[in-house]
Amino acid sequence: MARVVECVPNFSEGRNKDVVDAIVESMTSVEGVRLLDREMDTDHNRCVITIAGEPDAVEEAAFKGASRAVDLIDLRKHEGEHPRMGAVDVIPFVPISEIRRHDCVAIAKRVGKRIGEELKVPVFLYEAAATRPDRENLADVRRGEFEGLAKLIGTDEDHVPDFGPNAVHESAGAVAVGARMPLVAFNVNLGTSDIRIARRIAAAVRERSGGFKFAKALGFALHDRGIVQVSMNLVNTLRTPIYRVFNIIKLEAERWGVPIVGSEIVGLVPQTPMIDTAEHFLRLEDFSKDQILESRLSAVPPGVGASVSDFLDQVSSSAPTPGGGSVAALAGALSCALGTMVCNLTITRPKFGDVADRMAEVKEDLEKLGKELKELVARDSEAFEAVLKAGRMTTFSETEEKRRDKALAEASDEAAKVPLEVARRGIKAMEGAIEVAEKGNPNSLSDAGVAGLTGFAAVKGALYNVYINLPSLPDGKQKEEMKGEAIRLSDRAEELMSRVKEKVEGDLRREI
């Protein structure tokens, strides 16, 4: 997958289409940049542009958009409901694929430096790019807006910008540039013109005044419609789901005798929070995101066909799979791959002809093992997903409870059997590692040692997953047999690891 970064700059213009068109054109003129979305809001007098592409291209496009906005937007003539501090008000960079948050921080700093030096606009770094804690929250950076910041920048030491002049630009103000994870801009419209109600509900929702963590909210009047709006940024919808916020707004609105007349998503939204919302309101039972047709068609099984970066991102996400069992299987596959490499580096050297035939046999065995372990990476995730699905089954009646218990026992049985298979193959990978360490090309001894270590990690890691699933199995012969085999495999792994260390560390240290 290509390296992709998203940028979602907000400009203080939502009424003049020609100005917005010019800004968008300046950004999309950069080769490799794709326009994903553009939103104009007349009440807020603000537009949100979403672009994505390779990091270098998006970086250049963001600067070009900022430069055009500074030329075309005069905040001295700007009026709108949304708080604003600059012509280009905020420029966040968001990691999408093959790129991490710290990469986006570096991009933000480079773009901020250019805006400060070339456009002469003061720049404040925020969120992950912030240089001080009191600048992490965008609301704190923007407080006072254009008019208030014009008095503070240059006179207050707490308002010295990170880049650019220590004075507000007379027409373009200042800009916040940062890096963050994807957020959802979610607004709820209320059937009243009383702005006080929207503001009170916003206060009940936002984290800053005691509401939901990861929620930022303000109350606005939509004058052209004669209603008010609770406008929000939800910066972590895994921890603070959309449906939870919506339900509280609904309860608060009912308290004031006000109906909800609609809601809206501004810009793009990740798939997961929308699925979570549908699952909540439809009260779906035993629902899995794998049931979504498009997800199944586009999904790459964990560890199968995925890049290293993709797999690491999958493991580090908040999803429970792939987890330790899949990582153990991958460690076993890596052990086999390293052992195979040593075999290849031995077979192709004429001076090791006396062991070439045996190394060819070991290579064949390790290649077969490695293929099986790669398949077990995905199987382990599938097994644990089945446990989670069984655990979500309803138990409103005795019949349903029995059905759930049966499904949970069957899923737990598979969740214990799969890592047991990983451990068995991990032992064979370790045995292969010892043999290539003893008979293979000595120039690859360190590789053989790492093959032994990763094989050991595979066995031990897999057995941890066996142990944690065994208590969910019904007592009986099968459970005792699995427990006994797990203990024997653990002891064997310790024995083999001692041999690996004795051979590899012993030989390598003698050469120092």
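The values are calculated or read from the model by the stated rules, or taken from the named source; none is laboratory data. Treat the numbers as computed from the prediction; the structure is a model and nothing was measured. Cβ: placed from backbone, ideal geometry, glycine included. Neighbour counts: every protein chain shown.
Each row is one residue, and each column tells you yes or no for (1) over 20 Å from Asp74 (Cα atoms); (2) among the basic types (Lys, Arg); (3) modelled with pLDDT under 90; (4) within 27 Å of the chain's Cα centre (by Cα).
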{"position": "Ala129", "(1), (2), (3), (4)": "yes, no, no, yes"}
{"position": "Ala139", "(1), (2), (3), (4)": "yes, no, yes, yes"}
{"position": "Glu147", "(1), (2), (3), (4)": "no, no, no, no"}
{"position": "Asp162", "(1), (2), (3), (4)": "yes, no, no, no"}
{"position": "Pro165", "(1), (2), (3), (4)": "no, no, no, no"}
{"position": "Gly173", "(1), (2), (3), (4)": "no, no, no, no"}
{"position": "Ala176", "(1), (2), (3), (4)": "no, no, no, yes"}
{"position": "Val188", "(1), (2), (3), (4)": "yes, no, no, yes"}
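With the condition kept exactly as written, say whether any residue in segment 205-213 is surrounded by fewer than 17 Cβ atoms within 10 Å (Cβ to Cβ), touching a residue at least 60 places away in the same chain (Cβ under 8 Å) and basic (Lys, Arg).
yes
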Residues of segment 153-180 satisfying the condition of being in a loop (DSSP other than H, G, I, E, B), touching a Phe, Trp or Tyr at 6+ places or on another chain (Cβ under 9 Å) and without any contact (Cβ under 8 Å) to a residue 60 or more places away in the chain: Pro161, Asp162, Val168
Any hit, segment 386-399, residues being among the charged types (D, E, K, R), in contact with a helix residue (DSSP H, G or I) (Cβ under 7 Å, 6 or more places away or on another chain), at negative phi and touching a residue at least 60 places away in the same chain (Cβ under 8 Å): no
Unmet requirement for Thr348, which otherwise passes all of (1) crowded, with 21+ Cβ neighbours inside 10 Å; (2) over 17 Å from Ala451 (Cβ atoms); (3) among the hydroxyl-bearing types (Ser, Thr, Tyr): (1)
Candidate set: segment 443-458, residues that are of a type in the set (Gly, Ala, Ser) and surrounded by fewer than 24 Cβ atoms within 10 Å (Cβ to Cβ); chosen: the one modelled with the lowest pLDDT: Ser444
Counted residues, segment 41-70 - those being among the basic types (Lys, Arg) and either surrounded by fewer than 23 Cβ atoms within 10 Å (Cβ to Cβ) or part of a helix (DSSP H, G or I) (or both): 2
Neighbours by Cβ (under 9 Å, 6+ apart or cross-chain): first from segment 218-233, basic (Lys, Arg); second surrounded by fewer than 21 Cβ atoms within 10 Å (Cβ to Cβ) and outside any strand (DSSP E or B): Arg225/Asp43
Qualifying residue in segment 16-25 (condition: free of Cβ contacts under 8 Å to residues at least 12 places away in the same chain, under 18 Å from Ala179 (Cα atoms) and in contact with a helix residue (DSSP H, G or I) (Cβ under 9 Å, 6 or more places away or on another chain)): no
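Which residue, of Ala139, Ala150, is touching a residue at least 12 places away in the same chain (Cβ under 8 Å), among the small types (Gly, Ala, Ser), surrounded by fewer than 21 Cβ atoms within 10 Å (Cβ to Cβ) and under 11 Å from Gly173 (Cβ atoms)?
Of the residues listed, the single one that is touching a residue at least 12 places away in the same chain (Cβ under 8 Å), among the small types (Gly, Ala, Ser), surrounded by fewer than 21 Cβ atoms within 10 Å (Cβ to Cβ) and under 11 Å from Gly173 (Cβ atoms) is Ala150.
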Test for Val90: is it under 15 Å from Val175 (Cα atoms) and touching a Leu at 6+ places or on another chain (Cβ under 9 Å): yes
